[in-house]
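Only one structure is covered here, and it is reproduced in the block below.
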Amino acid sequence: FWDDLDVIGMNSYWKLDGGKKSKAQVDDIVEAWQPILRDVTEFASQQGKPVFFLEVGWCSIANAAHEPWDYTADREPIDNDLQKRLYEGFFRTWWGNEHLAGFSVPCLLASAVALTASTERLISSLVADCCSAAVAMERT
């Protein structure tokens with residue numbers, strides 16, 4: 001059925017901390033994306049299909065860059081700034097890439113995790129900021 005598909009769907013829960021865990025900065029995160037970007041775009045190119053990330057997202061907890069799949073780590077402190085840096089690293093790495101068909105950001109129910117209004121505003125603000133920055137970069 002592979003030939004019947006228009007896009008390659010995959011999740012994006014890789015370690016992006018470069019060994020720095022919650023101290024990873026945007027540049028560290030972008031650097032950690034580079035081998036992933038290379039492998040994913042090479043595969044997409046070989047298949048002749050773009051990639052759609054079915055889930056892109058990081059919880060607002062201190063282990064999000066090191067163990068992004070573990071949203072149950074209630075032993076970890078909240079770290080909204082790390083979450084913002086992870087999203088920014090994603091956008092800096094993938095924005096405008098011809099091999100990216102799109103992505104979705106899962107919205108977890110408040111009963112599943114402690115999703116606060118401030119976290120929702122943070123994500124909305126970051127997406128708007130990254131999109132504005134990308135438009136500005138295209139103009140220069």
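The values are calculated or read from the model by the stated rules, or taken from the named source; none is laboratory data. Just so it is clear, the model here is predicted, and its values are computed rather than measured. Cβ sites come from the backbone with ideal geometry, for glycine too, and all protein chains shown count toward neighbours. Calculation scope for accessible area: heavy atoms of the full protein, side chains included, ligands and nucleic acids excluded. Shrake-Rupley method; radii C 1.70, N 1.55, O 1.52, S 1.80 Å.
The set of residues in segment 54-74 that are of a type in the set (D, E, K, R) and part of a loop (DSSP other than H, G, I, E, B) comprises GLU67, ASP70, ASP74.
For THR72, the test of being of a type in the set (Ser, Thr, Tyr) and either closer than 24 Å to LYS49 by Cα or modelled with pLDDT of 60 or more (or both) is passed.
When VAL40 is tested against the conditions (1) open to solvent by less than 20 Å² (accessible area, probe 1.4 Å); (2) free of Cβ contacts under 8 Å to residues at least 40 places away in the same chain; (3) out of contact with any Leu (no Cβ under 7 Å at 6 or more places or on another chain), the lone failure is (2).
Filtering segment 10-22 to residues that are surrounded by fewer than 18 Cβ atoms within 10 Å (Cβ to Cβ) and either within 14 Å of the chain's Cα centre (by Cα) or without any contact (Cβ under 8 Å) to a residue 12 or more places away in the chain (or both) leaves MET10, ASN11, TYR13, TRP14, LYS15, GLY19. Pairs are defined by a Cβ separation below 8 Å, a sequence spacing of at least 6 or placement on different chains, a first member in segment 71-96 that is in contact (Cβ under 8 Å) with a residue 12 or more places away in the chain, and a second member that is among the aromatic types (Phe, Trp, Tyr) and part of a loop (DSSP other than H, G, I, E, B); the pairs so defined are LEU82/TRP58; GLN83/TRP58; LEU86/TRP58; TYR87/TRP58. For the residues GLN34, GLN46, GLN25, the requirement of being surrounded by fewer than 18 Cβ atoms within 10 Å (Cβ to Cβ), out of contact with any Pro (no Cβ under 7 Å at 6 or more places or on another chain) and without any contact (Cβ under 8 Å) to a residue 12 or more places away in the chain singles out GLN46.
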